[in-house]
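Have a look at the structure below before the remarks.
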Amino acid sequence: MTDPQTPAAPPRATMRLQFHKDFPFEKAIPLAPYLRKLGISHLYSSPILTARAGSMHGYDVVDPTTVNPELGGEDGLRALVAALRAEGLGLIVDIVPNHMAVGKDDNAWWLDVLTYGRGSRFAHFFDIDWEPTDPALNGKILLPTLGSTYGETLRNGDLQITREGKRGGLVVRYADHMFPLRPEDRYEIEAAGLEAYDPSTEEGLARFHALLEKQNWRLAHWMVAGDEINWRRFFDVNELAGLRIADPAVFDATHELLLNLYAEGLIDGFRVDHIDGLMDPGGYARRLRAHLDAAQSSRPGALAEQKAYLVVEKILGPGEELPKDWGVDGASGYDFMDEVSLLLHDASGEEKLSAFWAEISGRPADFHAEEETARREILDRSFSSQLDQATDALHRVARLDFDTRDTARAAIRRALVELLAHFPAYRTYANAAEGRTEADKPIFERAMEKARQSILPADLPVLELLDGWLGGKPAADDLLLRDKAIRRFQQLSAPVAAKAVEDTAFYRHGKLLSRTDVGFDVATFAIDVPTFHEKAAARARTFPNAMLTGATHDHKRGEDVRARLAVLSEIPDEWIAAVRRWREAAAPLRTETAPSAGDEQILYQTLVGAWPHDLDPGDAEGCRTFANRIAGWQEKALREAKLATDWTTPNEAYETAARELLMGILTGPDAGLRTDIASFADRIGPAGAANGLVQTLLKLTTPGVPDTYQGTEFWDLTLVDPDNRRPVDYDARAAALAKAETAEAAAGHWRDGATKQALIAAVLGERARRPNLFSKGAYEPLQVEGPLAADVVAFARRLEDEWAIVVALRHTARLLGAGGQLGLTAQDVAGTRVTLPSHFSTIDMIDRLSGRRINPASTFELSDFLRLPVAFLAPSSTGS
């Protein structure tokens, strides 16, 4: 028997909390009893290391050697862990090995590099190209931080030499940025006096410029970063610099505190952010696992027997599998999020929705076409410099062999663009000595096949050379040059995929927004029940303790927004007619050219998907609050799409027209249109809620560790950040849980979300009673017959004599379309039955979601017990 203060291993269920200055550790302490009662075994925390002041997410770490003081520091963390341990809960922490925040004046390691350049003891910490092809940057770091051109900034006096710190070190200040000057320049400056560098005089301007030219850094306008930057960023963010985490010294410096906290028993596991950004993701994961294993025996008490839980944020492309030799427990859940979304969509609606989207928007119905366009644009606008670096590395490889030395650099660049434009995954994991992994070979071949079709015929031989150089043929010699070329390519393909697909094409493709979210295979619209079973069974074989999620801090829209919008795939004709009607009604609110019909249709989907259950269209204040939320989403969506406007050059006229349409609908004097939209949302609300219950039950019962994002134990009708990071009303959630209603009873007032919470509590309660059943038990699909058989997901979890049965009904729009109720009648499901294995047929059962007892039988008629679209059956002897 384990000590009651020892958390479960592996975790039974996690809850993700976002810590920041307004929600520090101390505010989570009172939540520990609630989390335990809900059935959570581990708090899953956003990053805890010291981040940039005011950070609302923690991914912009500036000091990995300390716990963030804005969150409460190490003392605050210890107090939180003590409260968690008192309830038998553990702690999993999100970590960020790929990058650190730079710029401003708060990263001591980066400032040291700026001060001493290549001679800094931290110079090898950051992924800097000290010998780029641009001779002006040889031995320097490009700093694209200026809001205007360098010359204009210098002449305007926006750069100032100041003294900083106790020793009066000399630095250049620009807004909130600090650029240290070389120590060897101090005598010259002191001798001349600071006034000698006054840019308002020609002499001072020349002197100041000459001083700046001698530094280890070069200032530039922020817009040149994509074309000229000589260090790896996180995606295209100039304030986040890539770390060389494969260097053991960098690993040790950035992980020492985290590993010490683990060894001390304060942390029980980690989620690794953006592992595909690293040079060698597998090597990093194995190294981290080795360090955790080495520290395990020093953990106190029973914790010394528990293996650390380790999952990675990994976007899996179509057909891609997480490597099994990384030493991790699995991915962080995007794959499940996609699978359950696919299950909820009705394949029969795709053709009509595709045709309507193409008609109304003028854009491709085929997502692959949209993705290819976005990839080419993003390469050009954001990653030109990294593309040049990869090109240069490959050009050096070409020059090694007299058979290939005539391969032109420009041709290599063109071939690279074609390869990246069609790449079907984030990246591969090749190296020069061993070449490509078996798993990588089909991924690369799919890219090659497409690239061969689109490349210039004259460049086709160059493309074939790239295939060999990038891992297709292991290198016999010159491993360093080949490895560098492969690394450049693999660390370019990942950010290109993220920015082109998730942050561009997803915002352009409006066929059905419920199929465009992080980690989704958007080109696939739906799957059938047998395919879902196959995926769940495969996970049980490979990563039975992978994290499963339906909502994250990074999602494009909340899990119940997606669940509601999935209903549209069941009723495409009704949806298309509604959009045509609304566009006609909204004509007076639009200008002649803005917003586009595609953007308008995406707006209608968002309004319908996110319409609050308790919002009356006649509630002026409530509609205004909702409108402001939607306006925040709208600005981000339009700019991320990069069609009519973007972040670098906002089109104020277009954005204003789009916002006025939104405000006219939700806050204008004519309530007719918003009433119609609200009625439509209400019409599909029950079916959307049914989908929400289905995806929640499947997350909690299929193989894996279910995560609940903060607040989503009630309905999650949030949108992209920052909307999905708003404060959570935990008092309301604790009060609802205290009522101890069954999910079926709470369905009588389903709009408040308590039925979803009751489902979570019931299932997690069973997981707490029988943890091995869910962490080690087999996944066994059950036979279903009858008119609804194709839409019933039925399976058993079984471990020796322990078992539980799950039944879920998808595609309920035709059953729940009228009356506004969430419940089913016996007539709704009449004639559909589930056949049980013989060893189940003599056991009394109870549906944990209704409390209804079920007599032993070899076949269950759904009409006998299914009153919600979900049921969770367990032996009645395991508890009331």
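The values are calculated or read from the model by the stated rules, or taken from the named source; none is laboratory data. Everything numeric in this text was worked out from a predicted model, so none of it was measured. Reconstructed Cβ throughout: ideal geometry from the backbone, glycine too, with neighbour counts over all protein chains shown. With ligands, DNA and RNA removed, areas are computed over all heavy atoms of the protein, side chains included. Shrake-Rupley method; radii C 1.70, N 1.55, O 1.52, S 1.80 Å.
Could you pull out the residue among A537, A546 that is surrounded by 21 or more Cβ atoms within 10 Å (Cβ to Cβ), touching a strand residue (DSSP E or B) at 6+ places or on another chain (Cβ under 8 Å) and either within 23 Å of A796 (Cβ to Cβ) or modelled with pLDDT under 95 (or both)?
A546
Out of (1) open to solvent by 50 Å² or more (accessible area, probe 1.4 Å); (2) over 25 Å from the mean Cα position of the chain (by Cα); (3) under 23 Å from K450 (Cα atoms), what's the single condition that is false for R381?
Failing condition for R381: (2).
Looking at the range 643-651, can you tell me whether even one residue there is outside any loop (DSSP other than H, G, I, E, B) and either at pLDDT 95 or above or over 22 Å from E559 (Cβ atoms) (or both)?
The answer is no, given that none of the residues of the range 643-651 is outside any loop (DSSP other than H, G, I, E, B) and either at pLDDT 95 or above or over 22 Å from E559 (Cβ atoms) (or both).
Which condition from (1) open to solvent by 20 Å² or more (accessible area, probe 1.4 Å); (2) more than 19 Å from A447 (Cα to Cα); (3) not small (G, A, S) is the one that M337 breaks?
For M337, the failing item is (1).
Can you list the strands (runs of 3 or more DSSP E) found entirely within the range 819-880 that contain at least 1 residues being buried (at least 17 other Cβ atoms within 10 Å of the Cβ), at pLDDT 90 or above and not aromatic (F, W, Y)?
Once the strands (runs of 3 or more DSSP E) in the range 819-880 are filtered for at least 1 residues that are buried (at least 17 other Cβ atoms within 10 Å of the Cβ), at pLDDT 90 or above and not aromatic (F, W, Y), what remains is 833-835, 845-847, 870-875.
Just to be sure I understand, how many residues within the range 619-642 are of a type in the set (D, E), assigned to a loop (DSSP other than H, G, I, E, B) and surrounded by 16 or more Cβ atoms within 10 Å (Cβ to Cβ)?
Final tally of qualifying residues: 0.
What number of residues within the range 189-208 are open to solvent by 70 Å² or more (accessible area, probe 1.4 Å) and assigned to a helix (DSSP H, G or I)?
Taking the range 189-208 first, the residues open to solvent by 70 Å² or more (accessible area, probe 1.4 Å) are 190-191, 195, 200, 202-203, 207.
Now narrow it down to the ones that are assigned to a helix (DSSP H, G or I): 190-191, 195, 202-203, 207.
Within the range 189-208, residues that are open to solvent by 70 Å² or more (accessible area, probe 1.4 Å) and assigned to a helix (DSSP H, G or I) number 6.
So how many residues does the range 470-494 have that are part of a helix (DSSP H, G or I), in contact with a strand residue (DSSP E or B) (Cβ under 9 Å, 6 or more places away or on another chain) and open to solvent by 10 Å² or more (accessible area, probe 1.4 Å)?
Final tally of qualifying residues: 6.
So, in the range 360-378, of the ones that are of a type in the set (A, V, I, L, M) and crowded, with 17+ Cβ neighbours inside 10 Å, which residue ends up farthest from A505 (Cα to Cα)?
Here the answer is I360.
Give just the number: which of (1) within 29 Å of the chain's Cα centre (by Cα); (2) under 30 Å from P24 (Cα atoms); (3) among the small types (G, A, S); (4) part of a helix (DSSP H, G or I) does A658 not satisfy?
(2)
Residues of the range 309-338 being touching a helix residue (DSSP H, G or I) at 6+ places or on another chain (Cβ under 7 Å), closer than 18 Å to G283 by Cβ and assigned to a loop (DSSP other than H, G, I, E, B), which ones?
E313, K314, P323, K324, D325, W326, G327, V328
For residues that are farther than 17 Å from N107 by Cβ and of a type in the set (G, A, S), scanning just the range 215-248, find the one that is surrounded by the fewest Cβ atoms within 10 Å (Cβ to Cβ).
Looking at the filtered set, the residue picked out is A246.
Which of the residues that make up the range 410-438 are over 21 Å from A476 (Cβ atoms) and either surrounded by fewer than 16 Cβ atoms within 10 Å (Cβ to Cβ) or modelled with pLDDT under 95 (or both)?
Of everything in the range 410-438, just one residue is over 21 Å from A476 (Cβ atoms) and either surrounded by fewer than 16 Cβ atoms within 10 Å (Cβ to Cβ) or modelled with pLDDT under 95 (or both), namely A410.
Residues are listed down the side, and each one gets a yes or a no for (1) touching a residue at least 40 places away in the same chain (Cβ under 8 Å); (2) on the phi < 0 side of the Ramachandran plot; (3) of a type in the set (A, V, I, L, M):
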site: P669; (1), (2), (3): no, yes, no
site: L698; (1), (2), (3): yes, yes, yes
site: P706; (1), (2), (3): yes, yes, no
site: Y709; (1), (2), (3): yes, yes, no
site: L717; (1), (2), (3): yes, yes, yes
site: V720; (1), (2), (3): yes, yes, yes
site: R725; (1), (2), (3): yes, yes, no
site: D729; (1), (2), (3): no, yes, no
site: R733; (1), (2), (3): yes, yes, no
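Which of the residues spanning the range 229-263 are part of a helix (DSSP H, G or I) and either closer than 20 Å to L114 by Cβ or polar (S, T, N, Q) (or both)?
Answer for the range 229-263, where residues must be part of a helix (DSSP H, G or I) and either closer than 20 Å to L114 by Cβ or polar (S, T, N, Q) (or both): A249, V250, A253, T254, N260.
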